Amino acid sequence: MKELKYDALIVGAGHNGLVLGCYMARAGLRVCVMERRLEVGGGLSTEEITLPGFAHNLHSYFHDTINIMPAYTDLELERFNARYYHPPVQAGLILPDGRALCLYDDLERTCASIARFSKRDAETWRDVVNNYGEFCSTVIVPALYSAPSAPSEQMLVMEGSPEGMEWLRLQRMTPFEVVDEWFENEHVKALVLHHLPIPRGILPDYAGLGTVVPLVVSQVEHAQIALGGSHVTAHALWRALLRHGGEATSFTHVEKILLEDGKVSGVRTKEGREYRAPLVVSTVDLKQTFLQLVGEGHLDAGFVRKVRGHRLDEFSVFAVHLALREAPKFRAAPGSEDINQSLRLDIGFDTPEDFVELMAQVRLGQLPDKLAFIASVPTWFDPSQAPPGHHTAFLWQLVPYQIKGATWDEVKEDYAERCIAKWREYAPNLTPDNILAAAAQTPVDIEGRIINMARGGVFMGRTHLAQMEHFRPLPEVAQFRTPIPGLYMAGACMHPGGGIIAGPGVIAADIIFDDLKLPEVVGERVVLHSNGGIRTVISIDNSFLVDRPAGHVFDVFSQIENIAYAFPTVRRVEVVDCDHMNIGILLKMGLMSLDSNVSLEVVERTPPLRLVAQGVAIPGKGLAAAARVMDREGLTRLTMTLRLEELGPERCRIGYNLLADAHGNLKRVYVAVIKGQRAKLEGAFIENVGKIMGAPIVAEEGAAKHLS
């Protein structure tokens with residue numbers, strides 16, 4: 001049999017494996033992504049399991065990180081037919097009396113809905129968004145796409161301010177404790193907690209995870225669904241992989257990771273076929289990777305003991321998928337009609353106590369008689385997922401993997417009927433005549449379909465404090481490298497965890513490219529410097545008008561200190577000479593101060609139309625901690641260009657371009673800051689220029705604005 005040789009092999013074609021494969025192929029590596037099943041995508045699964053023409057999303061559905069996922073834009077997935085819809089009504093809790101609490105993609109509408117239950121809670125919600133939203137989007141979100149840092153780093157920077165100390169206090173609480181402290185209404189508390197088990201894998205009583213509450217509140221409005229079904233996103237990743245020269249195999253069950261002289265040399269499939277490569281990446285779970293694919297004989301006994309002790313998910317999911325003549329119609333009270341267009345439905349979790357009751361039964365291995373679940377009606381938003389005039393719907397009930405006194409096959413059909421009956425209490429039209437077909441999926445079915453999801457655990461490892469960030473899944477492999485040279489990890493068992501976030505795939509690409517000394521490709525533009533450092537470029541362009549002659553503007557900005565005073569958030573200016581200065585910049589991002597020290601030099605003066613300044617920015621303590629940068633990647637090279645165009649005796653156009661040449665996660669923090677505060681920063685810049693010039697500034701309609 002002919003031996004197949006590659007630069008890299010990826011075991012598992014879930015979305016993390018496909019994302020990593022795309023980046024590798026784009027970098028010029030010969031890569032093969034190997035999949036046990038016929039279809040790629042893993043949890044991005046859409047199948048007709050009830051009737052022909054009815055598409056059901058069997059695993060992943062609520063995609064709430066598409067808006068911040070680097071791979072979505074880097075790999076141009078929309079070019080390969082990925083499409084998303086962002087429903088205005090993001091989540092809703094329906095009560096037995098027909099009242100509904102809804103969360104929207106608009107803060108004002110969300111607060112108005114909350115105010116119907118508690119005016120104080122509406123004010124608190126607004127305060128949380130204002131206080132934590134910027135911090136979460138510019139610090140926490142970028143951290144999802146960088147290898148986890150040592151546990152002490154965040155604490156060191158946070159303890160420097162009262163706001164940071166408050167974050168650390170919340171971090172030591174449970175989500176239950178935080179919602180109890182912040183909110184007074186039990187239904188508001190319940191709807192926040194409803195977002196924790198899925199898609200985050202977190203239970204409300206997990207200690208040390210209280211900060212997930214401000215994350216949920218400030219980011220809750222971003223959930224989207226894949227048009228055509230979640231598998232369309234898998235198809236887009238597969239097409240992107242092929243477009244960049246990568247390969248994918250189906251029905252290829254990897255049985256062993258091959259080693260030679262203690263190093264990776266390839267893999268062998270169940271059929272005995274061998275694929276050779278000096279680099280292998282496993283996206284399957286921790287135990288399967290090391291105890292089965294590698295084998296205990298190749299590993300240190302202490303490491304094997306830790307792998308065996310790795311804790312799997314504490315709960316699984318019982319799903320019921322429905323093919324319907326008509327969509328569910330909730331018996332909604334006046335003013336609560338929007339529940340009939342809510343993406344995420346909370347049915348039965350009316351108060352925090354409902355979570356306590358349900359999880360007590362799950363932890364005891366009981367078939368829960370406490371029926372409370374997550375539900376949705378995909379065809380409200382995407383009619384293509386059912387035949388014309390028809391609908392699909394589903395529910396997810398939290399359950400144990402094993403139930404005492406019975407098997408899932410014995411109780412499956414009856415339990416599905418009980419769950420449907422519970423939904424019918426709120427939506428009376430879910431009658432047998434309306435339900436054309438129903439298909440239930442048990443934890444055992446989940447494990448059988450996707451073997452990574454051992455014991456029906458969809459997060460490939462419990463998402464609690466002992467298995468998060470630097471400890472996910474174990475400290476020995478948390479940096480995505482393993483004790484075996486050439487073997488890497490990149491699945492949902494790694495930081496930041498499960499869900500369609502692609503964090504493990506993106507981080508693995510960064511780590512592997514760093515080890516191979518390849519260009520970083522996680523970003524739109526790539527530049528290689530002579531010193532071998534790899535950086536990506538942020539570029540901002542804009543222009544505006546000022547009622548001053550171009551020559552006068554040039555003379556003003558030829559004085560180097562005026563360049564400094566035009567920068568927003570400047571806190572310190574030290575002029576060295578007519579061409580050199582040092583400035584300190586401090587940008588407040590919610591709880592954290594992002595500080596930089598910039599050395600700037602004017603390198604070109606071409607009167608009266610062009611001036612160029614270049615420099616180096618060194619992150620201060622706050623920015624370095626936010627970006628989690630190392631010394632070698634902490635420098636950012638800056639180039640600022642002013643272009644002047646004479647429009648008349650007393651008017652000119654000022655065009656400016658700012659290039660920031662940054663590396664890795666530091667670049668992602670910069671991009672997040674610019675996206676979140678661009679309007680404010682540019683407004684401050686223009687206002688400062690107006691003050692320096694002593695003349696009003698006129699913003700141009702249609703002025704060029706670009707960020708890459």
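The values are calculated or read from the model by the stated rules, or taken from the named source; none is laboratory data. The model shown is predicted, which means the values in this text are computed figures rather than measured ones. Cβ sites come from the backbone with ideal geometry, for glycine too, and all protein chains shown count toward neighbours. Accessible surface is based on the protein model in full, side chains and every heavy atom, while ligands, DNA and RNA are left aside. Shrake-Rupley method; radii C 1.70, N 1.55, O 1.52, S 1.80 Å.
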message: Quick check on the chain: of the DSSP beta bridges with both residues there, what percent are antiparallel, nearest 5%?
response: 85 percent
query: Which distance in Å, rounded to a whole number, links the C-alpha centroids of segment 451-486 and segment 181-200?
result: 27 Å
Dipole magnitude of segment 293-381, debye to nearest 20 (Cβ charges: Lys/Arg +1, Asp/Glu -1, about Cα centre): 300 debye
- prompt: In whole percent, what relative contact order does segment 150-239 give with Cα contacts below 8 Å and a gap of six or more residues?
  reply: 29 percent
message: What's the ranking of 439-447, 44-52 by average number of surrounding C-beta atoms within 10 Å, highest first?
response: 439-447, 44-52
query: Mean separation of Cα pairs under 8 Å and 6+ residues apart, divided by the residue count of the chain: what relative contact order is that in percent?
result: 17 percent
- request: Between the alpha-carbon centers of segment 127-168 and segment 228-260, tell me the distance in whole angstrom.
  value: 35 Å
Dipole of the chain [Lys/Arg +1, Asp/Glu -1 at C-beta], most positive-end residue of VAL216, TYR401, CYS102: TYR401
query: For the chain, what does -39500 (n - 2.57) per DSSP helix run (n ≥ 4), summed and divided by total residues, give at 222 nm, in deg cm²/dmol to the nearest 500?
result: -9000 deg cm²/dmol
field: 27 Å Cα-Cα threshold exceeded, pairs from LYS5/LYS263; LYS189/LYS404; LYS256/LYS306; LYS119/LYS422; LYS263/LYS517; LYS189/LYS306
entry: LYS189/LYS404; LYS119/LYS422; LYS189/LYS306
- request: Any chance you could look up the accessible area of ASP541 with a 1.4 Å probe, heavy atoms only, rounded to 10 Å²?
  value: 40 Å²
field: Reachable aspartates and glutamates, given that their alpha-carbon falls under 15 Å from the alpha-carbon of LYS412 and they are not under 8 places away in the same chain
entry: ASP369, ASP445
Segment 326-343-segment 60-89 distance, computed between alpha-carbon centres (Å): 26 Å
query: Which angle from 0 to 90°, rounded to the nearest 10, does the C-alpha axis of helix 408-424 make with the longest principal axis of the chain?
result: 60 degrees
- prompt: Using the alpha-carbon atoms, what tilt in degrees (0 to 90, nearest 10) does helix 664-693 show relative to the longest principal axis of the chain?
  reply: 40 degrees
message: Give me the percent relative contact order of segment 19-151, please, defined on Cα pairs under 8 angstrom at least 6 residues apart.
response: 10 percent
- prompt: In a solvent-free Debye calculation with one equal scatterer on each Cα, what is log10 I(q)/I(0) for the chain at q = 0.05, 0.07, 0.08, 0.09 Å⁻¹, listed in the order of the q values?
  reply: -0.27, -0.52, -0.68, -0.85
field: Solvent accessible area, Å² - HIS187, 1.4 Å probe, full protein context
entry: 40 Å²
- prompt: Charges only on Cβ, +1 for Lys and Arg, -1 for Asp and Glu: so what's the dipole of segment 305-436 about the Cα centre, in debye to the nearest 20?
  reply: 600 debye
field: Rounded to 10°, Cα long-axis angle of helix 231-243 versus longest principal axis of the chain
entry: 50 degrees
- prompt: Any idea of the accessible area per residue across segment 178-251, 1.4 Å probe, to the nearest Å²?
  reply: 28 Å²
- request: Report the Stokes-Einstein translational diffusion coefficient (µm² s⁻¹, integer) for segment 374-492, Rh taken as the Kirkwood radius over Cα pairs, at 25 °C with viscosity 0.890 mPa s.
  value: 138 µm²/s
- request: Using the charge dipole of segment 51-125 (Lys, Arg: +1 at Cβ; Asp, Glu: -1 at Cβ; taken about the Cα centre), state which of LEU93, GLY53, PRO70 has its Cα farthest towards the positive end.
  value: LEU93
- prompt: Using a simple charge model, +1 on the beta-carbon of Lys and Arg, -1 on the beta-carbon of Asp and Glu, nothing else, what dipole does the chain show about its Cα centre, in debye to the nearest 20?
  reply: 1240 debye
- request: Take the solvent-accessible surface of the protein heavy atoms, probe 1.4 Å, and return the percent of it on segment 384-525 that carbon and sulfur atoms account for.
  value: 54 percent
statement: For segment 280-424, the per residue accessible area (1.4 Å probe, Å²) is 39 Å²
- request: Can you find, among GLY245, GLY266, ILE339, the residue farthest towards the positive end of the dipole of the chain? Put +1 on the C-beta of Lys and Arg, -1 on that of Asp and Glu.
  value: GLY266
message: Using a Cα-Cα cut-off of under 16 Å, which aspartates and glutamates could be cross-linked to LYS370, ignoring same-chain neighbours fewer than 8 residues away?
response: ASP346, ASP350, GLU353, ASP354, GLU357, ASP414, GLU417, GLU425
- prompt: Sorted by mean Cβ packing within 10 Å, highest first, what order do the peptides 508-515, 312-319 take?
  reply: 312-319, 508-515
